[in-house]
Amino acid sequence: DQTVLGIDLGVNSLAVSSTGTFWQGDDYDHWCREFEKRRGEIQQRGTQAAHKALLRLGKREEAWRKQYIHTIANELVSEAVEHDCDVIAFEDLSDIRERLPHAKWHHVWAFRRLFEYVSYKAPEQGVSVEQVEPTHTSQRCSRTDCGFTHDGNRQGEHFECQKCGYELNADYNAAKNIGVRYARKRQHKLRSSPKSESGDAPVDVRVTGGTLNGESHQPLAGD
């Protein structure tokens, strides 16, 4: 038996979990802009002293970025442990630039580092880290008795299924879809493995108020 925590990465919220926890990107964006502004001011001087100042600023910025993402990674792993999760599931980040055309370079850097940090922190707590195919996780209804997929389902940060009317935050919807996709992938792998004696072993997705398994929607308080 396994329980999975789905994680969606984005621009407005750097990370959102299937338990409904949001790690907002406002503060991160603010300080990235401040560093960029300061860098521009120093570059205008064009002196040797300014060059050295830029190097110092770059080191401070890099240290700040790493510490910021380390903090989120620690909290994300704690979220998984607190909710008795065995797995943390992310989307495959291979084509993240194409899927998030409005993401700036520092967002993409943050996504990759967050996955990297969680990948080595989580196993220390007995939690594995996996990736799933990202296609349509933002457009698909996360109610598994629906699953209707349509571009019109998502409007900015709001998700409303055009078929069943299910409404919720779009990033939270995607996080649940990521968890469900891993659950279904895991169940299919178990059932198709000739060596497996647990082909029907359940894999649950940890969500607000309870669990949502890969087979059917369970109405939950706060869901």
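The values are calculated or read from the model by the stated rules, or taken from the named source; none is laboratory data. Just so it is clear, the model here is predicted, and its values are computed rather than measured. Cβ placement follows ideal geometry from the backbone for every residue including glycine, while neighbour counts extend to all protein chains displayed. Each accessible area value is taken on the protein alone, full model and side chains, heavy atoms only, with ligands, DNA and RNA left out. Shrake-Rupley method; radii C 1.70, N 1.55, O 1.52, S 1.80 Å.
Determine whether the range 86-103 contains at least one residue that is crowded, with 19+ Cβ neighbours inside 10 Å and part of a loop (DSSP other than H, G, I, E, B).
no
Looking at (1) more than 22 Å from Ile96 (Cβ to Cβ); (2) of a type outside the set (Phe, Trp, Tyr); (3) touching a residue at least 12 places away in the same chain (Cβ under 8 Å); (4) open to solvent by 30 Å² or more (accessible area, probe 1.4 Å), can you tell me which one Gly156 breaks?
Looking at each condition in turn, Gly156 falls short on (1).
What tally of residues in the range 76-85 results from selecting those that are exposed (fewer than 14 other Cβ atoms within 10 Å of the Cβ), of a type in the set (Asp, Glu) and part of a helix (DSSP H, G or I)?
1
Within the range 114-128, is even one residue open to solvent by less than 50 Å² (accessible area, probe 1.4 Å), under 26 Å from Ser78 (Cα atoms), in contact with a Cys (Cβ under 7 Å, 6 or more places away or on another chain) and at pLDDT 95 or above? First the steps, then the outcome.
The first filter runs over the range 114-128 and keeps only residues open to solvent by less than 50 Å² (accessible area, probe 1.4 Å), leaving 114-115, 117-119, 121-122, 127-128.
Filter once more, keeping what is under 26 Å from Ser78 (Cα atoms): 114-115, 117-119, 121-122, 127-128.
So of that shortlist, the ones also in contact with a Cys (Cβ under 7 Å, 6 or more places away or on another chain) come out as 127.
Filter once more, keeping what is at pLDDT 95 or above: 127.
Checking the range 114-128: at least one residue is open to solvent by less than 50 Å² (accessible area, probe 1.4 Å), under 26 Å from Ser78 (Cα atoms), in contact with a Cys (Cβ under 7 Å, 6 or more places away or on another chain) and at pLDDT 95 or above.
Considering only residues of the range 22-57 that are surrounded by 12 or more Cβ atoms within 10 Å (Cβ to Cβ) and of a type in the set (Gly, Ala, Ser), which is nearest to Leu5 (Cα to Cα)?
Here the residue is Gly25.
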